[in-house]
Amino acid sequence: MAKKQSAIQIKEGVSQPETTNQLSAEKIKQFRTIKNSTAEFVTNILEGNIPFLSKAITLVESTNSKHQEQSNEIIEKCLPFANNSVRIGITGVPGVGKSTFIEAFGKHLTNQGKKVAVLAVDPSSSVNKGSILGDKTRMELLVTDKNAFIRPSPAGTSLGGVAQKTRESIILCEAAGFDTIIIETVGVGQSETVMHSMVDFFLLLQLAGAGDELQGIKRGIIEMADAIVINKADHGNEKNTKIAQIEFNRALHLYPLKDSKWQPKVLTASAIETIGIDSIDEMIQEYISLTKENGYFKQKRHEQNTFWLLSTIEQQLKDTFYQKPTIKKALSNEIKKLENGKTTPFLAAKKLLRL
């Protein structure tokens with residue numbers, strides 16, 4: 001008697017259809033392999049060519065030495081056409097609704113004829129170094145807007161939730177004609193000082209009824225904020241939002257007046273229902289007008305340039321140190337000594353630095 005076959009053995013599997021047109025795939029492949037000159041990059045970026053802007057940012061983010069050399073040339077030539085935007089940093093804990101808020105705020109700005117670039121920094125895995133980069137999926141309306149550009153980047157090992165090359169990307173976006181640059185960062189709590197050092201306005205998103213009111217009396221990220229927005233003021237959460245607004249307002253008044261002479265404000269909003277977005281825009285414009293009038297806007301940009309000069313020197317020294325063959329060999333030996341208990345991390349570090 002013949003053995004009965006299972007359904008798995010009898011039924012044929014379903015073949016996957018072609019997801020990408022072959023001709024389109026070849027065009028994409030060809031575009032990626034073409035090595036454009038620095039002059040071509042600069043010309044196209046200044047004309048607002050998005051594919052060239054994206055490709056230039058990819059060069060900036062690359063660790064390849066040839067890519068870094070060309071990206072530095074591109075940035076240098078684009079620099080005279082930069083610094084004409086308002087840079088806004090937006091942060092908050094995961095789940096606070098950063099992407100939804102940025103989409104609502106971005107659409108509000110593009111509807112006024114403004115050009116908005118969103119540099120979204122995604123958290124990177126400490127295990128496999130990968131990132132989801134899903135911000136374009138979340139901002140499905142803004143991503144199709146001709147006056148908007150969304151660029152997700154992995155945070156990598158950068159401190160403060162900001163990709164190392166975000167500052168250079170800002171310069172390229174400004175040269176491409178974007179007048180508002182929004183930086184969305186990883187919500188890592190009270191250590192996002194790096195992002196604060198590259199934006200003009202620092203906006204902190206908070207949730208009501210999640211214990212966040214207690215954070216208002218702690219020095220840290222809230223002390224750096226130019227404004228706090230209590231998001232998700234909808235679906236019966238309006239009362240809790242108002243209570244949170246009062247608590248945060250009390251906390252902010254405990255701090256001395258900022259050098260900008262600006263008193264940070266606390267507003268409420270519902271990004272999903274686009275409630276309160278216009279008030280937030282008006283508040284940011286009020287801040288920009290005040291700081292440009294009293295000179296703080298320009299002063300802060302100068303201080304930020306100095307900060308990034310020193311940071312770049314430190315990074316270059318670190319990279320050069322670890323790339324030296326003698327250091328690599330000595331470092332390996334010191335690590336073995338550490339494992340065998342023959343030295344301490346501090347003694348090993350001093351010995352390596354003498355080399």
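Just so it is clear, none of the values below were taken in a lab; they were calculated from the coordinates. Note that this is a predicted model, so its numbers are computed, not measured. Virtual Cβ from ideal backbone geometry, glycine too; neighbours counted across all protein chains shown.
Annotations for the structure displayed:
- The distance between label points at T43 and V93 comes to 5.3 nm (points 7 Å beyond Cα on the Cα→Cβ vector).
- Of all aspartates and glutamates in the structure, the ones whose alpha carbon falls short of 15 Å from that of K351, not counting any fewer than 8 places away in one chain, are E334.
- Counting DSSP beta bridges with both ends in region 200-355, the antiparallel % (nearest 5): 10 percent
- Summing +1 for each Lys or Arg and -1 for each Asp or Glu among the other residues whose beta-carbon sits under 15 angstrom from that of F321 gives +4.
- About the centre of its Cα atoms, region 266-355 shows a dipole size close to 1460 debye [charges on the beta carbon of Lys, Arg (+1) and Asp, Glu (-1) only; nearest 20 debye].
- Phi to ³J(HN,Hα) by Karplus 6.51 cos²θ - 1.76 cosθ + 1.60 over region 306-312, Hz, x for Gly, Pro: 5, 4, 6, 4, 5, 5, 5
- Across the cross-link table entries K66/K350; K265/K292; K298/K318; K55/K77; K98/K165; K242/K265, which are compared at the Cα atoms, the separations over 23 Å belong to K66/K350; K298/K318.
- Net charge in the neighbourhood of E238 (other residues with Cβ under 12 Å of its Cβ; Lys, Arg +1, Asp, Glu -1) is +1.
- Taking region 216-355 and dividing mean pair separation by its residue count, relative contact order in percent (alpha carbons under 8 Å, at least six apart): 18 percent
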